[in-house]
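The values are calculated or read from the model by the stated rules, or taken from the named source; none is laboratory data. Only a predicted model underlies this, so the values are computations on that prediction, with no experimental measurement involved. In this analysis, Cβ positions are derived from the backbone assuming ideal geometry, glycine residues included, and neighbour counts consider all displayed protein chains. Heads up: the accessible areas ignore ligands, DNA and RNA and are worked out on the full protein's heavy atoms, side chains in. Shrake-Rupley method; radii C 1.70, N 1.55, O 1.52, S 1.80 Å.
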Amino acid sequence: MRTPLNAITGFIRMAKKSDIPVATRDEYLEKADQSCALLIALVDDTLTISKANSGKLKIQPEPVRLRELIDSIIFPIQAAAKKKNITFTVDYSEALDRTIMADKLSLQKIFLNLLTNAVKYTPDGGNVHLDIFNSFVNGSHPDSVIVVRDDGIGMSDEFIPHIFEPFSQEKQRGYESIGTGLGLSIVKKLVDMMGGTINVESEKGKGTAFTVRLHFEDAESAVTWETASK
């Protein structure tokens, strides 16, 4: 936490100087604001990890229409991708339009962490894909499979076994101070708590793909929604 806090105080101190141009002052304040956002994210992620480790983080299922949840997270990712001229594509044409019993906030965290990382570690002009489909294994309720792929900087074979460890980040030129190093650790804990699995495939310089498999029961309200929508 010391790093973003030092950046905030440093940029504010420089912005307060009376002999600097307005444009330079605005740049310092913008950098201070970015560091503030990083600090807030770090505090929030640290609290989440602390709750998970102490057993105080609980999964609280509620009726959730999966496609509505996906639509709610697409907009901020599209905005972030647009800033870097990244092509962001979403395909859930093969996913059933179900109302499921799931922890909405935890699902949003999983989606947002994986997609934010994909955009963050993909150079300008790259590509990020979100694919969601169903897989029937056992029983009448299918698994939901979420795949986040990018053609970004990728990871080395040596680092991959450590990606879900708290504060673990592989040092790569140009990406030394990005993120908190907690996002993937949180994703792994949430997926585990939901009884799901998460796998990663990555090649340095060519990109990364995360595959999350989760099993949800249909919500009783699904029948109500389907009837009302006809």
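Annotations for the structure displayed:
- Near pairs, Cβ below 9 angstrom, 6+ apart or cross-chain, from the range 158-169 (assigned to a loop (DSSP other than H, G, I, E, B)) to any residue that is small (Gly, Ala, Ser) and at pLDDT below 85: PHE159/SER168; GLU165/GLY181; PRO166/GLY181; PHE167/GLY181; SER168/GLY181; GLN169/GLY179; GLN169/GLY181
- Verdict on THR227 being modelled with pLDDT under 90 and among the β-branched types (Val, Ile, Thr): yes
- Residue in the range 73-117 that is most open to solvent (accessible area, probe 1.4 Å), counting only those that are acidic (Asp, Glu) and touching a residue at least 40 places away in the same chain (Cβ under 8 Å): GLU94
- One residue from ILE49, ILE40, ILE20 being at pLDDT 75 or above and either more than 21 Å from the chain's Cα centre (by Cα) or of a type outside the set (D, E, K, R) (or both): ILE20
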